[in-house]
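*Asks:* Questions regarding the structure given below will be posed in turn.
Any read-out appearing in this document is the output of simple, stated calculations on the displayed coordinates, not a laboratory observation. Treat the numbers as computed from the prediction; the structure is a model and nothing was measured. As a convention, Cβ positions derive from the backbone with ideal geometry for all residues, glycine included, and neighbour counts pool all protein chains shown.
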Amino acid sequence: MRYFLLIFLLLAVAVISVAGFRGSISRKPPIEVFPDMDRQQKLRPQEPNAFLPGGISSQPFVTGTVPRSAAHLVKGELVASYADSPLRDSPVFTGRVVGATNMVETIPVPVTEKLMARGRERYAISCLPCHGAQGDGNGITKKLGMAVVATLHDKRIVMMPDGELFHVITNGRNLMGPYGPNITPQDRWAIIAYVRALQLCKLGRPTDVPAEFQRVLGK
């Protein structure tokens, strides 16, 4: 027992000598096990800097970039921010019916060959690792231990309005994280168009194919 007390006392002294007393003042900086980027190299505004053009740290915005809070033009009308923009309620950006909470049933952008190609490309980058090339949920993450991956051919997902798929891609659901910050609204619709094509390939019937193309199905 006395050895335990001795070890405990020595440990307490060691901790106090390293960490100090709570609330004490010292000129020595504390020991930080996890600094969490509290101190890092940075440039203060208008600070002289010979490395950057103009000789100061502050630089103009990159051409073509617009901060969300900055004024910009929408169809020739100057608006203060996205919150004031007439586009904020557009189904293209929300996936919802204007003035309602209902999801749009179908994609609110023209479905073209170019959009489908873009959807296939974006799907391969952002969706394929989990949902697989065919949308059946057999991606590489399943082989690495993620046992629960939704198949896009499930009736529940097939019956979802396109707007709800847009909402899920944007905000995530269950084990799926949000992809809104990574995928633009236009690319989200492109992915949805491609997902619908995958579902049609898996669950469609010959009669769903236009008559002029039905003769090549058996080849």
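*Asks:* Provide the per-residue ³J(HN,Hα) series for region 99-115, in order, calculated from phi with Karplus coefficients 6.51, -1.76, 1.60 and θ = phi - 60°, each as a whole number of Hz, with x at glycine and proline positions.
*Replies:* My calculation for region 99-115 gives x, 9, 9, 6, 7, 5, 6, 10, 4, x, 10, x, 8, 10, 4, 5, 5 Hz in order.
*Asks:* Also: Give the aspartates and glutamates reachable from residue 202 as a straight Cα distance under 17 Å; neighbours fewer than 8 places away on the same chain don't count.
*Replies:* Within the straight-line limit of under 17 Å, residue 202 reaches these aspartates and glutamates: 136, 154.
*Asks:* In debye to the nearest 20, how big a dipole does region 113-204 give about its Cα centre with +1 on each Lys and Arg Cβ and -1 on each Asp and Glu Cβ?
*Replies:* Here region 113-204 has a charge dipole of around 120 debye.
*Asks:* Below 8 Å, C-alpha to C-alpha, sequence gap of six or more: please give me the relative contact order for region 128-207 in percent.
*Replies:* 23 percent
*Asks:* Would you give the gap between the C-alpha center of region 98-145 and the C-alpha center of region 151-219, rounded to a whole Å?
*Replies:* Cα centroid of region 98-145 versus Cα centroid of region 151-219: 6 Å apart.
*Asks:* Another question about this same structure. Tell me which residues come under 5 Å, amide H to amide H, from residue 49 once H is placed; ignore anything under 5 positions away on its chain.
*Replies:* Under 5 Å from the amide H of residue 49 lie the amide H atoms of 56, 57, each far enough along the sequence or on another chain.
*Asks:* From zero up to wherever the largest Cα-Cα distance of region 122-219 sits, split into 10 Å bins and tell me the percent of pairs in each.
*Replies:* Going out from 0 Å in 10 Å bins, region 122-219 shows 14, 45, 28, 11, 1 percent.
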